[in-house]
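J.: Structure below; questions to follow.
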Amino acid sequence: MSSQPYKWIGTRPNRPDGADKVTGRARFGADFNMPGQLIGKVLRSPHAHAVIRSIDTSAAEALPGVKAVVTAKDFPEQPNVIVPTGEMQVNLRDVTRNIMAREKALYEGHAVAAVAATTEAIAREALSLIRVEYEVLPHVIDVEEAMRDDAPVLHDHLRTEGVKPEPQKASNIAKRMENIKGDVAAGFKQAEIVIERSFTTQPVHQGYIEPHATLASAAEDGQVQIWSTTQGHFQVRGFCSRLLNIETSQIRVTPSEIGGGFGGKTVVYLEPVAVRLSQKTGKPVKMVMSREEVFRASGPAPGGSVKVKIGARRDGRIVAAECTIALQAGAFPGSPIGPACWTSFACYDIDNIQVIGYDVVSNRPKVAAYRAPGAPISAWGVESALDILAQELGMDPIDLRLKNAAKKGTKTSYGPTFDTIGFVETLEAAKNSAHYKSPVKPGYTRGVAAGFWFNVGADSSAAAHVAEDGTVTVISGNPDIGGSRASLALMAAEELGVDYEKVRPVIADTSSIGFNFVTGGSRVTFATGLAVVNAVKDMIRELKGRAAKTWGVDPEAVVWENGMARPAGSNVGEFDPLSLAQLAASAGKTGGPINGHAQLNVQGAGPGFGVHVVDLAVDRDTGIVTIDRYTAAQDVGTAIHPSYVEGQLQGGVVQGIGWALNEEYIYNSKGKLDNPGFLDYRMPVASDLPMIETILVEVANPSHPYGVRGVGEVPIVPPLATVGNAIARATGVRMTDLPMSPPKLSAALDAATPRMAAE
Amino acid sequence: MAKLHISTTINGEPIEFLCDPPQTMLEVLRDQLGLTGSKEGCGSGDCGACSITVDGRLVCSCLMLAAEAEGHRLETIEGMARGDQLHPLQKKFVELAALQCGICTPGFLVASKALLDRNPNPTETEVRYWLAGNLCRCTGYDKIIRAVMEVAADMRETAR
């Protein structure tokens, strides 16, 4: 597809960290150790909602081998201040309560104390010796129940924001928001057909295979070192600094290789606790979560409800659209309700839109970002409703979307007007795909849905150094979660005109490069990529200056081409070109080391759109869904390393399929999670799936020198409805609650055909 | 509790270690022997990130007691490359981008090698079912399955 005049961009070289990662050499979070380290373990609440009356740690502290015990008393109170973290906002007052419960335990698994001991066995024994006196309170899990007036209230201070007059009574509804474009009431009057449905989803976990892990070492002079598996080591530094009142520059965080995150590693759980334990003991403290702890205590994505109403004319033109979304934030306010609302109708050019959102707390772990946070939930409702509209109108589902597709110049309901976007091209690519043109096999049906994500820019720093032999190191500060080292090196090689193999990308710790926002929001290849390109440009400026000095000409008289400095024209003089190696060799005589730097707040992230097609079969007896073929088309901007772009699409699709078909948090009547393990929380395995076909639609982002758009998040948005739409067309039964797991689907099919079920 | 003295062979090397009776093989590999290439994703045998072979048989080392290693031959990811030569599976995984974050990769490689050692000509379905005990959350499995199929084809070609 790519016809750009690039030498490196668009190629598929081996990733720089490949050998390390296939030999077991790469060091992930739990692979770091220090001499004399202690093992830290967390005591967690067995109750979904309880007042903590008292905590007696004396017996634990008396156990030989136990070096320290901490509770909330060891962490200073925090102000009611919102700070950004990844694509979510968090309140410091809440964060300190999430890492260690204070007045109340707000969910099963909530940390209430932690110990550091010489061995893991002693640490576990110590946990059993801590006496916590709880006063168990009524709990609430479900979002609709949590919104009711008579629901148990989690926070006595919480008043619903965004409602006038300001409420006097505490509520679990933390916020009401709306975004409105045009006049929906007037719009619905023009409608010749109106579709109105309600949909629900259950919370799902990001499911990264690597549990949270950290190693912290606080020295006697106040300096702190942390090794951590995180999507944002600068955020780990920032949180530890704020939560423990340590000056930021005293903390140095080194990111390990990261074993998946998907948004779930943009927040802190263990790090501040490990630092506090290390401060109290004077020894390094290592903490690793078990899988059960990951499920019970680290951020799932929210469950929620979506009510959709769409009005259209008979020709398929949508004239009005309405949507009400309520999302579980978990124990503290801050679900991704904003993005859920803003993305809901972003694919479409609709004159009249009204979206209302509610952020609702309940007795579940505080949600964390998960790949396009919020968007899959609203798209599940909206794209299912559109499929019903297409069926009622007898229209091809892609044609219906083409008729209403957002384009350059479309004003969104949440404010911005789109610049160059590729939704129409992506719909056409899906429509013209071999998959969509192929006949559907007997026994199978086809489903289609679309999805949108903004993508993010934000703060990035980068540096580039020329080594003495003319090879290049590119330094940035975002953990490589899916091949970003390769993308950064490709862009640096392209800009510099040297071989990819001559560029070594390095991810620096927080003290070795300027600030970088998290690896999240599909921002690294876009925003940190831009910082890398600018750092290389800065270095080229320096290289041209050195050549000018060597030749005794003006720097403006030197150009940089194919990795060499050349005279800009024959009038400059006759000089042989100077290579990077030559300029590096003479650097000592021309001004010293040759480096480049860049730091910027990157704007202009290009939004992305995806259109997915599935062929599947439903076993009516068991409710088992078999996916036969799946194609994901996406506007990816320029694919810098196409293999890793395809990989983002394939991985996102499969997470979405899991969300659609199997994954859910299951709570018992006491508010305890019943399936905190991979056996019962069933993520897709290889035998569940076919190959995932991808179509990379390259509509360049005009705001990036190489046209990069974020690609990682869009692909999880369409699959929920893509699968649901195919199931509806296969069975005649429209599923409105996720997951469409075998027991739920077979029950729905039985209910729809009572006579057959009775036979 | 008295420690047990275990003599075993790991990646061709004779190894002796002391362990407590409840310790798992994974704990000893990672915490005592410094072989951290085997990963703990779940500790319950559901994710396959700790896959090793024992006398050629694929096992989750988190489900194996360390004491069970006595007298057996263990292979871990650290023993897969030969000198400075990556195993064809390791090479192909890198070439085809069959890994993103890389945490599941050692387990997939050990499991894939165990498959090809006993079935050099697997169908796609056989590869998918053999690897169904290994979870990958990043790739959607597509490129992993392709890599294993391609290596199987290459190795058959070489053997011919």
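The values are calculated or read from the model by the stated rules, or taken from the named source; none is laboratory data. This one's a predicted model, so the numbers in the text were calculated from it and none came from an experiment. Reconstructed Cβ throughout: ideal geometry from the backbone, glycine too, with neighbour counts over all protein chains shown. Note: areas computed on protein heavy atoms with side chains; ligands, DNA, RNA excluded. Shrake-Rupley method; radii C 1.70, N 1.55, O 1.52, S 1.80 Å.
J.: Out of A:GLY222, A:GLY259, report the one residue that is closer than 24 Å to B:GLY37 by Cα, touching an Asp or Glu at 6+ places or on another chain (Cβ under 9 Å) and either assigned to a loop (DSSP other than H, G, I, E, B) or within 14 Å of another protein chain (Cβ to nearest Cβ) (or both).
T.: From the options A:GLY222, A:GLY259, the qualifying one is A:GLY259.
J.: Checking A:ILE481 against (1) assigned to a helix (DSSP H, G or I); (2) open to solvent by 10 Å² or more (accessible area, probe 1.4 Å): exactly one of these is not met. Which one?
T.: With (1) assigned to a helix (DSSP H, G or I); (2) open to solvent by 10 Å² or more (accessible area, probe 1.4 Å) applied to A:ILE481, the lone miss is (1).
J.: Just to verify a result, which residue in the stretch A:494-519, among those that are touching a residue at least 60 places away in the same chain (Cβ under 8 Å) and among the polar types (S, T, N, Q), is nearest to A:ALA531 (Cα to Cα)?
T.: A:ASN516
J.: Being part of a helix (DSSP H, G or I), under 21 Å from B:THR24 (Cβ atoms), more than 8 Å from every other protein chain (Cβ to nearest Cβ) and acidic (Asp, Glu) is true for just one of B:GLU68, B:GLU78. Which residue is that?
T.: Exactly one of B:GLU68, B:GLU78 is part of a helix (DSSP H, G or I), under 21 Å from B:THR24 (Cβ atoms), more than 8 Å from every other protein chain (Cβ to nearest Cβ) and acidic (Asp, Glu), namely B:GLU68.
Results for (1) open to solvent by less than 10 Å² (accessible area, probe 1.4 Å); (2) more than 32 Å from the chain's Cα centre (by Cα), shown as yes or no for each residue.
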site: A:GLY712; (1), (2): no, no
site: A:VAL717; (1), (2): yes, no
site: A:LEU720; (1), (2): yes, no
site: A:ILE727; (1), (2): yes, no
site: A:THR731; (1), (2): no, yes
site: A:THR736; (1), (2): no, no
site: A:MET740; (1), (2): yes, no
site: A:ALA748; (1), (2): no, yes
site: A:THR753; (1), (2): no, yes
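J.: Same structure again: Residues A:PRO211, A:PRO302, A:PRO255: which one is closer than 30 Å to A:SER741 by Cα, touching a residue at least 40 places away in the same chain (Cβ under 8 Å) and touching a helix residue (DSSP H, G or I) at 6+ places or on another chain (Cβ under 6 Å)?
T.: Unique residue meeting the criteria: A:PRO211.
J.: Moving on. For the stretch A:91-108, check the following and say yes or no: at least one residue is in contact with a helix residue (DSSP H, G or I) (Cβ under 9 Å, 6 or more places away or on another chain), at pLDDT 95 or above and over 25 Å from A:ARG242 (Cα atoms).
T.: yes
J.: Please find, within the stretch A:712-727, the residue that is nearest to the other protein chains (Cβ to nearest Cβ) out of those that are in contact with a Ser or Thr (Cβ under 6 Å, 6 or more places away or on another chain) and closer than 18 Å to A:GLY637 by Cα.
T.: Residue satisfying both the conditions and the ranking: A:GLY712.
J.: Go through (1) open to solvent by 10 Å² or more (accessible area, probe 1.4 Å); (2) modelled with pLDDT under 95 one by one and return the number of the condition A:GLN190 breaks.
T.: (2)
J.: Can you give me the ranges of the strands (runs of 3 or more DSSP E) entirely in the stretch A:262-373 with at least 1 residues that are touching a Phe, Trp or Tyr at 6+ places or on another chain (Cβ under 9 Å) and assigned by TED's automatic domain parsing to the domain that holds A:ARG124?
T.: So the answer is A:285-288.
J.: May I ask you to list the residues in the stretch A:212-267 that are under 24 Å from A:GLU293 (Cα atoms), hydrophobic (A, V, I, L, M, F, W, C) and open to solvent by 10 Å² or more (accessible area, probe 1.4 Å)?
T.: A:TRP227, A:PHE239, A:LEU244, A:PHE262, A:VAL267 - these are the residues of the stretch A:212-267 that are under 24 Å from A:GLU293 (Cα atoms), hydrophobic (A, V, I, L, M, F, W, C) and open to solvent by 10 Å² or more (accessible area, probe 1.4 Å).
Table: residues versus (1) touching a Lys or Arg at 6+ places or on another chain (Cβ under 6 Å); (2) hydroxyl-bearing (Ser, Thr, Tyr); (3) not assigned by TED's automatic domain parsing to the domain that holds B:GLY133.
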site: B:GLU16; (1), (2), (3): no, no, yes
site: B:LEU35; (1), (2), (3): no, no, yes
site: B:CYS42; (1), (2), (3): yes, no, yes
site: B:VAL54; (1), (2), (3): no, no, yes
site: B:SER61; (1), (2), (3): no, yes, yes
site: B:LEU74; (1), (2), (3): no, no, yes
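J.: Same structure, new question: Is there a residue being part of a helix (DSSP H, G or I), within 14 Å of chain B (Cβ to nearest Cβ), out of contact with any Lys or Arg (no Cβ under 8 Å at 6 or more places or on another chain) and surrounded by fewer than 20 Cβ atoms within 10 Å (Cβ to Cβ) anywhere in the stretch A:13-20?
T.: There is at least one residue in the stretch A:13-20 that is part of a helix (DSSP H, G or I), within 14 Å of chain B (Cβ to nearest Cβ), out of contact with any Lys or Arg (no Cβ under 8 Å at 6 or more places or on another chain) and surrounded by fewer than 20 Cβ atoms within 10 Å (Cβ to Cβ).
J.: For the structure I just gave you, tell me whether A:VAL466 is touching a residue at least 60 places away in the same chain (Cβ under 8 Å), buried (at least 22 other Cβ atoms within 10 Å of the Cβ), of a type in the set (A, V, I, L, M, F, W, C) and touching an Asp or Glu at 6+ places or on another chain (Cβ under 8 Å).
T.: So A:VAL466 fails the test.
J.: Exactly one condition in (1) part of a helix (DSSP H, G or I); (2) closer than 30 Å to A:HIS205 by Cα is not met by B:CYS47; state its number.
T.: (1)
J.: Yes or no: A:ASP142 open to solvent by 30 Å² or more (accessible area, probe 1.4 Å), closer than 30 Å to B:ARG137 by Cα and acidic (Asp, Glu)?
T.: Spelling it out, A:ASP142 is indeed open to solvent by 30 Å² or more (accessible area, probe 1.4 Å), closer than 30 Å to B:ARG137 by Cα and acidic (Asp, Glu).
J.: Right, here's the next one. In the stretch B:27-49, how many are away from chain A (no Cβ under 11 Å) and open to solvent by less than 20 Å² (accessible area, probe 1.4 Å)?
T.: Final tally of qualifying residues: 1.
J.: Within the stretch A:448-462, can one find any residue that is open to solvent by less than 20 Å² (accessible area, probe 1.4 Å), within 14 Å of another protein chain (Cβ to nearest Cβ) and part of a loop (DSSP other than H, G, I, E, B)?
T.: no
J.: Could you give me the residue pairs with C-beta distances under 7 Å whose first residue belongs to the stretch A:677-697 and is more than 9 Å from chain B (Cβ to nearest Cβ), whose second residue is part of a loop (DSSP other than H, G, I, E, B) and open to solvent by less than 20 Å² (accessible area, probe 1.4 Å) wherever it lies, and which are 6+ apart or on separate chains?
T.: Correct list of pairs: A:TYR681/A:GLU663; A:TYR681/A:ASN675; A:ARG682/A:GLU663; A:ILE695/A:SER433; A:LEU696/A:VAL636; A:LEU696/A:ALA639; A:VAL697/A:GLY422; A:VAL697/A:VAL636.
J.: While we're looking at this one, here's another question. Looking at A:GLY671, A:GLY647, A:GLY656, which one is assigned to a helix (DSSP H, G or I) and more than 9 Å from chain B (Cβ to nearest Cβ)?
T.: A:GLY656
J.: Condition test on B:THR105, is it among the hydroxyl-bearing types (Ser, Thr, Tyr) and either away from every other protein chain (no Cβ under 12 Å) or buried (at least 20 other Cβ atoms within 10 Å of the Cβ) (or both)?
T.: yes
J.: Check whether at least one residue in the stretch A:56-68 is assigned by TED's automatic domain parsing to the domain that holds A:HIS233, among the polar types (S, T, N, Q) and under 30 Å from A:ASN363 (Cβ atoms), and report yes or no.
T.: yes
J.: Can you tell me which residue in the stretch B:133-160 is nearest to the other protein chains (Cβ to nearest Cβ), limited to those that are open to solvent by 70 Å² or more (accessible area, probe 1.4 Å) and without any contact (Cβ under 8 Å) to a residue 12 or more places away in the chain?
T.: B:THR158
J.: Answer with yes or no whether A:ALA633 is more than 12 Å from chain B (Cβ to nearest Cβ), within 30 Å of A:SER487 (Cα to Cα) and not in a loop (DSSP other than H, G, I, E, B).
T.: yes
J.: Spot the failing condition for B:THR9; the list is (1) open to solvent by less than 40 Å² (accessible area, probe 1.4 Å); (2) more than 11 Å from chain A (Cβ to nearest Cβ); (3) part of a loop (DSSP other than H, G, I, E, B), and only one is missed.
T.: (3)
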